[in-house]
2 protein chains.
Amino acid sequence: MFESAEIGHAIDKDAFDAEEPLLREALLEAQYELRQQGRFAVIILLNGIEGAGKGETVKLLNEWMDPRLIEVSTFDRQTDEELARPPAWRYWRKLPPKGRIGIFFGNWYSQMLQGRVRGEIKNAQLDQAIAGALALEQMLCDEGALIFKFWMHLSREQMKARLKTLQDDPLHSWRLSPLDWQQSKTYDKFVRHGERVLRRTSRDYAPWYVVEGADEYYRSLTVGRILLDGLQAALKAKTPRLPQPHAAPLIASLDERGLLDSLDLGQSLDKDDYREQLATEQARFSGLMRDKRMRKHALIAVFEGNDAAGKGGAIRRVTGALDPRQYHIVPVAAPTEEELAQPYLWRFWRHVPARGRFTLFDRSWYGRVLVERVEGFCEPADWLRAYGEINDFEEQLSEAGVVLVKFWLAIDQDTQLARFKAREKIPFKRFKITEDDWRNRDKWPLYREAVEDMVDRTSTEIAPWTLVEANDKRFARVKVLRTINKALEAAFAAD
Amino acid sequence: MFESAEIGHAIDKDAFDAEEPLLREALLEAQYELRQQGRFAVIILLNGIEGAGKGETVKLLNEWMDPRLIEVSTFDRQTDEELARPPAWRYWRKLPPKGRIGIFFGNWYSQMLQGRVRGEIKNAQLDQAIAGALALEQMLCDEGALIFKFWMHLSREQMKARLKTLQDDPLHSWRLSPLDWQQSKTYDKFVRHGERVLRRTSRDYAPWYVVEGADEYYRSLTVGRILLDGLQAALKAKTPRLPQPHAAPLIASLDERGLLDSLDLGQSLDKDDYREQLATEQARFSGLMRDKRMRKHALIAVFEGNDAAGKGGAIRRVTGALDPRQYHIVPVAAPTEEELAQPYLWRFWRHVPARGRFTLFDRSWYGRVLVERVEGFCEPADWLRAYGEINDFEEQLSEAGVVLVKFWLAIDQDTQLARFKAREKIPFKRFKITEDDWRNRDKWPLYREAVEDMVDRTSTEIAPWTLVEANDKRFARVKVLRTINKALEAAFAAD
């Protein structure tokens, strides 16, 4: 969920200086239009890792926009008046009216996360708080609010470096309370519980936007840009009522660097290493599948990837280690008539393996947020809500002991072109290349955006995505098998 | 929540025989239209008290409609195949396809309720199960399902009588498992937890319909009628997509007997009794408000009622017991400009009293489901979702220690007319009677339906409605004060 926000996004000062005045002007204009229309209120929630620039972002938004039309509320210690009333009262009294913007700094999410990290509440109580937050936000949206939720993020190392800088600078050290320092120790807890909260509360009408906070310029432009896009879309909306689903990607990469760029596609294995490592991993896999601890689990492997990335070959190397009775391959193509008459996930639920069994999906439920999104086979509202539905689905699998590994096999455009051409020349491979493949290739940037969005929204602790550098097929196949083996071993160890 | 389903609804055999053939024919026709359109699936969930006719209802629906297009699924003990997979798998595999009807008998609600009643799970886990059910139903509706949730109800006495009959009849006794008998002992638990489940899962897109199950004819016609109305509305809907909010009242009273009819409006107090009882209750109230246990609580009293039912007089008798610094009266009229710029409940949240304090609402947040519903001041979608929002709101009040009493002051039409005429004659009361009052009077049946619907959907254990027989003002005033006193004493006793 935080993958794209840990790759070192940065924008240089010149680019920032060139962009900032235009963004400012557009934001101001949107703000006046918001007041003019008076149709809806805007609520901005700021959460995330300490030191990731939450405070600076608030300051900046106040500088950029007309501060008379923004109210910043910090919810720190409760006042006597607040303590004497239901907990939500403090938020209600600070709600911005229609036409205005309210920034909630230290909001309901901060409270539930701090409580969970400190161990004052358990997961069941956290889930109750999450249900309360969802009900509140749903109601606010039904009543005409536009909600932006920002999670300002830092990797563990980035946070440590940042806290150190702040500490060294006496002018800034006032920003760090003892609690903040505690977070530095409990970073892992904060991120783990944060992921649970984000996974369950990212909804089409109020999604989370995760922003990498290390670089000031990148962070500022990204937040400003997301706000501007969302505001303009809502201001232009023809329907009299919000909520509109937010269509912006979860993570806008203004620096033109995405998760897929961060892959080193040059990685490869020579033939001998490949043979040896493949044999080792296959033997290990075969042993794990026969392990008696496997009776408590099932295994699902999802294969997605660029056309010609080598999904079929990788799948064969996985199944090659097993007896055919041990696994079941589900090739996913266009839905049948029977499947079309059911809710989208039905065709995948029917293939959920029993305990002890293994199912490979050659393409999967992610079709909805990949091909269906890019080709327009479903409405934006459908694929936007699919992320949440998929996370719910995978959480149910995980809770039932299913080990779920998800692979995106990534190649670059040159490699794809070479493979397409090769396929055309080899008679028995010609059936593998169609007009569709060439058409999809033209949509490379759209697919790329959909893939990064998918990973950011559905890579979770319980079901992480593994990006597989697949320019070299040998490297890819070994990485796939090794990842499956590690996942099984981790699950067995946790029993 | 179950008030209207415990008043002994009944329909005689002749009326049933006259109605049944028409209903059957219409249901069959709707069923074929459903198949013809193939746009959505229908899911019927049947829950409720043992002996309230769940099984008979399923049998009847199968008789009435074309059983080839209905699939009845009972989810009793899990099969080996089901046990080896995530719990929801068994429901997914039984989902009806578009164009068909699936009846789920013993569904996710049965499981969570049985677990809670038996003490296998606590409230926090029940809430997790509730959140899961809500997510599932929301998704099903988004994917084009029309969901009907029936809670077949019996009062404790009705259930006992019914179980006895069944036991006496050897032909029927097979229906009672040991678990059923256990329910007879744990009726109170089942109803209490059932109320929590209904309160939280009754949503505009999938509301609960509570049906009194004692009389076979009433029960059958009611279920058939609700199904028919809902089906016809969905089949006629112009928008390509469901969910549509269900607009049918939660409890259809086909026998023309509503909750308000069950009141004995003839109750009265003579002057001497009134003086004595009023003085007693006022003294008791004054003492309770000064009790130190009041520091942990706040008190809210909501006054709603027919025009000229005597709300003002009742309020004065309550406040008469107190020092003016001890209470705050909020008269609710048309919202101010400032209030209109906020979510609906904002204007009430701002007046939530601090601990130790008392606020009286002369009309309240129930305006949305009364005057706004009847007069069309808001969309059906708004007032339909308001019930859930109000229950959430009141639950937050209750959890914060607020004691909430809600009064509906009920008079009959003759009494209202007499009071209207009297007001016109008395100069200083003339301002109290307006054109609006006469207009509202014409809408008596609509208000009556809205009131009964409101009580059924929002009378909960934590915030029950008290219906006050107010033809006699003296009787009403004493009942109001006594109810407040009892509520405070119960809250203090539970501390």
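A compact table of results
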| quantity | calculated |
| --- | --- |
| Amide hydrogen neighbours beyond the local backbone of A:Lys149, cut-off 5 Å, H modeled | A:Leu45, A:Tyr209 |
| Global size of the protein assembly as shown as Cα Rg and Dmax, reported in angstrom | 31.3, 107 |
| Residues with amide H under 5 Å from that of B:Arg39, placed H, sequence gap 5 or more | B:Gly99 |
| Integer Hz, Karplus 6.51/-1.76/1.60 couplings in order for region A:433-442, x for Gly and Pro | 10, 10, 3, 3, 4, 5, 5, 4, 4, 5 |
| For chain B, the longest site-free run once trypsin sites (Lys or Arg not before Pro) in DSSP loop states with at most 10 other Cβ atoms within 10 Å are removed | B:239-495 |
| Region B:275-394 - percent of accessible surface contributed by carbon and sulfur, probe 1.4 Å | 50 percent |
| Whether region B:263-494 is rounded, prolate or oblate, judged on the alpha carbon gyration tensor where a/c under 1.5 counts as rounded | oblate |
| Sequence-distant residues sharing a close amide H with B:Val468 (under 5 Å, placed H) | B:Trp408, B:Leu409, B:Ala410 |
| Integer Hz, Karplus 6.51/-1.76/1.60 couplings in order for region B:366-373, x for Gly and Pro | 6, x, 4, 9, 10, 5, 5, 5 |
| Average beta-carbon neighbours from other chains, 10 Å sphere, peptide A:340-348 | 5 |
| Drop in accessible area of at least 50 Å² in the complex versus isolated chain, residues of region A:134-148, 1.4 Å probe | A:Glu143 |
| HN-Hα J in Hz across region A:475-489 - Karplus 6.51, -1.76, 1.60, θ = phi - 60°, x for Gly and Pro | 4, 4, 5, 5, 4, 4, 4, 5, 5, 4, 4, 5, 5, 5, 4 |
| 0 to 90° range, to nearest 10: angle between helix B:156-168 axis and chain B longest Cα axis | 30 degrees |
| With every protein chain in place, region B:1-49: carbon and sulfur % of accessible area (1.4 Å) | 48 percent |
| Reduction of at least 50 Å² in accessible surface, 1.4 Å probe, comparing all protein chains with the chain by itself, residues of region B:81-112 | B:Ala84, B:Arg85, B:Pro86, B:Trp89, B:Trp92, B:Lys98 |
| Label-point separation in nm, B:Asp66 to A:Ser268, each point 7 Å along Cα→Cβ | 6.4 nm |
| Solvent-accessible area buried by B and A, counting both chains, probe 1.4 angstrom, square angstrom | 3700 Å² |
| Degrees, to the nearest 10: B:123-142 long Cα axis against longest axis of chain B | 70 degrees |
| Taking region A:3-258 and dividing mean pair separation by its residue count, relative contact order in percent (alpha carbons under 8 Å, at least six apart) | 33 percent |
| Distance from region A:125-148 to region A:435-495 (C-alpha centre basis), Å | 32 Å |
| Folded to 0 to 90 degrees: helix A:444-458 orientation relative to chain A principal axis, Cα | 70 degrees |
| With 10 Å bins from 0: P(r) over region B:363-432, alpha-carbon pairs, percent | 16, 29, 30, 20, 4 |
| Solvent-accessible heavy-atom area per residue, rounded to whole Å², over chain A at 1.4 Å | 44 Å² |
| Calculated [θ] (222 nm, deg cm²/dmol) that DSSP helices of n ≥ 4 give over chain B, each run adding -39,500 (n - 2.57) | -16000 deg cm²/dmol |
| DSSP loop GluC sites (Glu not before Pro) with at most 11 other Cβ within 10 Å: longest gap in chain B | B:257-495 |
| Cα-centre dipole for chain A with unit charges at Cβ (Lys and Arg positive, Asp and Glu negative), debye to 20 | 1760 debye |
| Modelled FRET efficiency - R0 35 Å, B:Glu338 with A:Lys164, Cβ distances, 0.05 increments | 0.15 |
| Distance between modelled label sites at A:Lys185 and A:Arg93, nm, 7 Å Cα→Cβ extension | 3.5 nm |
| Rounded to the nearest 20 debye, dipole of region A:264-494 from Cβ charges on Lys, Arg, Asp, Glu | 1240 debye |
| Of B:Lys429/B:Lys473; A:Lys296/A:Lys479; A:Lys98/A:Lys189, those spanning more than 28 Å from alpha-carbon to alpha-carbon | A:Lys98/A:Lys189 |
| Furthest towards positive pole of dipole, B:Tyr205, A:Thr466, B:Gln416, structure part the protein assembly as shown, Cβ charges | A:Thr466 |
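The values are calculated or read from the model by the stated rules, or taken from the named source; none is laboratory data. Predicted model only: the values in this text are computed from it and were never measured. Glycine gets a Cβ as well: all are built from the backbone with ideal geometry, and neighbour counts include every protein chain shown. SASA here: full protein model, heavy atoms, side chains in, ligands and nucleic acids out. Shrake-Rupley method; radii C 1.70, N 1.55, O 1.52, S 1.80 Å.
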